[in-house]
Each structure stands twice: as C-alpha cells, then as structure tokens.
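One structure below.
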Amino acid sequence: MSSWLDYVALAVFAFCWIGYSTVTDRVPSIRAKAVISAMDEHRRQWMRMALKRDNRIADISAIGNLMHSTSFLANTSIFILGALVAMLGSPEVGQRIFGAVPFAEVPVDSISWEIRIFLLVFIFVRAFFELTWALRQFNYGSTCVGGFTTGEGGLRQADVAARVINRGAQHFNTGLRAYYFGLAALAWIVHPVALMIASVVVLWELHRREFRSAVREALVEKTFRPF
C-alpha cells in the first residue's frame with residue numbers, strides 16, 4: 001500500500017463492516033430492534049397460517065420469489081468477479097478509467113492495485129457464498145412446507161420451516177450487506193479518503209434502513225393476533 005492513509009482507510013472500512021455486522025447480528029438486544037427480527041416474526045406467522053391451508057401453492061410461489069431474487073444477486077456476483085479478474089489482467093485500462101475521476105489518486109504500482117482488486121474479489125466471493133447458502137435454505141424451506149401435516153406435530157413443522165426460512169433471510173441479508181460494502185471498497189481505487197467516506201455512508205444507510213426506517217416501524221406494529 002502506498003501510504004499510512006491507506007492503512008487508516010482500510011481500518012475504518014473493516015471497523016464499519018465487521019463491527020456493524022457483529023453488533024447487529026450477535027447482540028440479541030440490538031438484533032431484536034432490527035427490521036430482520038420483525039420479519040422473523042412475520043415469517044413465523046406465515047408458516048403457521050400456511051399450516052391451516054389445504055392448498056399451499058401461493059406459499060410455495062412466495063418462497064420461489066425469494067429464491068428468484070437471491071439467485072439473481074448470486075449470478076450477478078459471478079459477473080462482478082469475472083470483471084474483477086479482467087481488471088487484474090489489464091490494470092492499465094482500469095487505472096486509466098478511474099484516473100479520470102477528479103482528485104483521484106489511482107495506484108500506479110502493481111502491488112497496491114492488486115490489493116485493492118483482491119479486496120473486492122474477497123467481498124464478492126463472500127457475497128456469493130452467503131447468497132447461494134440462502135438459496136439452498138429457501139429451497140429447504142419449500143420442502144418443509146410441502147411436507148406439512150395437519151395432525152399432531154404440525155405446529156412444530158411450521159416452526160421448523162419458519163426457522164429454516166428465517167436463516168435463509170439472514171444469509172441473504174449478509175450477502176446483500178456485502179454488496180453495499182463492496183461499493184464502498186470500490187472507492188478505495190479512487191482515493192483512501194473516498195473509502196473512509198463511502199464506508200461511513202454505507203454504515204449510516206444500513207443503520208437507517210434496518211433500525212429507523214418507516215418499513216421497520218410498520219413491521220413492528222402489532223397488527224395481528226399472536227397464536
């Protein structure tokens with residue numbers, strides 16, 4: 001890396017991504033206030049209502065929609081990885097493009113350039129693994145729904161299906177979060193200060209959407225009777 005500012009920028013980026021993900025996903029009291037926690041309850045209600053329906057085509061179709069959006073992002077991450085590999089093979093092209101940005105300090109030495117690109121590769125490889133695992137869990141969830149019974153133990157089956165689909169949603173959220181921070185990491189190619197600014201902006205936007213959005217407020221309202 002070219003200067004101490006690069007180290008600082010990378011530390012800020014890692015703190016924003018790893019710190020935010022750890023606190024949001026691993027601290028129960030904080031996770032309980034996030035939009036994904038509210039959705040966990042709605043998905044649990046969904047599975048229990050699906051248990052009462054004889055025809056569950058609509059439920060399987062809804063899970064299929066979840067799989068479709070997840071598959072789209074997983075496929076897109078493969079295309080992004082292909083583009084990043086191309087940038088490694090032709091660094092002069094990428095340096096010329098990003099060098100046209102005002103105030104840009106694009107690295108000219110190969111090591112600094114490759115470190116930036118490999119960071120992006122790591123991010124989108126992680127996104128791919130998270131999204132494909134989410135896809136498989138949604139698939140498992142649809143199988144659970146297809147095996148619902150109306151006899152004793154049906155409620156337990158509904159709760160199992162909800163847990164599987166909720167875990168899929170968690171991994172989908174993690175993969176989507178990698179996309180956000182991947183966009184922030186792209187700013188490092190332009191300038192280390194741009195990476196710090198982009199990391200803080202992404203952090204703020206994620207926090208706003210997951211904890212302070214109108215959608216989150218709507219989802220936590222007690223608009224249905226608990227079972």
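Only the coordinates and a few stated rules stand behind these numbers; no lab work does. Computed from a prediction, not measured in an experiment: that's the story for all the values here. Heads up, the Cβs are rebuilt from the backbone with ideal geometry, glycines too, and the neighbour counts pull from every protein chain shown.
Scanning the range 197-222 for residues that are of a type in the set (A, V, I, L, M) and under 23 Å from Gln45 (Cα atoms) yields a total of 5. Would you confirm, using the coordinates I've provided, whether Gly141 is part of a helix (DSSP H, G or I) and small (Gly, Ala, Ser)? Here the answer is yes, as Gly141 does meet what is asked.
Taking the range 100-118 as the range and being in a helix (DSSP H, G or I), surrounded by 15 or more Cβ atoms within 10 Å (Cβ to Cβ) and not β-branched (Val, Ile, Thr) as the test, the residues that pass are Ser112, Trp113, Glu114, Arg116.
Going by the conditions given, is Thr24 touching a helix residue (DSSP H, G or I) at 6+ places or on another chain (Cβ under 7 Å), under 22 Å from Ser213 (Cα atoms), touching a residue at least 24 places away in the same chain (Cβ under 8 Å) and in a helix (DSSP H, G or I)? Judged against the criteria, Thr24 is a match. Restricting the range 29-66 to residues that are touching a residue at least 60 places away in the same chain (Cβ under 8 Å) and assigned to a loop (DSSP other than H, G, I, E, B), the residue that is surrounded by the fewest Cβ atoms within 10 Å (Cβ to Cβ) is Lys33. If you go through the range 153-162 and keep only what is assigned to a helix (DSSP H, G or I), of a type outside the set (S, T, N, Q) and surrounded by fewer than 21 Cβ atoms within 10 Å (Cβ to Cβ), you end up with Gly154, Leu155, Arg156, Asp159, Val160. Thr24 passes every criterion in (1) in contact with a Lys or Arg (Cβ under 9 Å, 6 or more places away or on another chain); (2) hydroxyl-bearing (Ser, Thr, Tyr); (3) under 28 Å from Phe148 (Cα atoms) apart from (3).
Just to be sure before I move on: is Ile165 closer than 15 Å to Asn65 by Cα and either more than 11 Å from the chain's Cα centre (by Cα) or crowded, with 20+ Cβ neighbours inside 10 Å (or both) in the structure I sent? Judged against the criteria, Ile165 is a match. When Thr150 is tested against the conditions (1) hydroxyl-bearing (Ser, Thr, Tyr); (2) outside any helix (DSSP H, G or I); (3) under 25 Å from Phe15 (Cα atoms), the lone failure is (3). Of these, Phe118, Phe181, which one is hydrophobic (A, V, I, L, M, F, W, C) and over 16 Å from the mean Cα position of the chain (by Cα)? On inspection, the qualifying residue turns out to be Phe118. When the range 174-186 is filtered for residues that are hydrophobic (A, V, I, L, M, F, W, C) and either touching a Phe, Trp or Tyr at 6+ places or on another chain (Cβ under 9 Å) or touching a residue at least 24 places away in the same chain (Cβ under 8 Å) (or both), the ones remaining, listed by number, are Leu176, Ala178, Phe181, Ala184, Ala185, Leu186.
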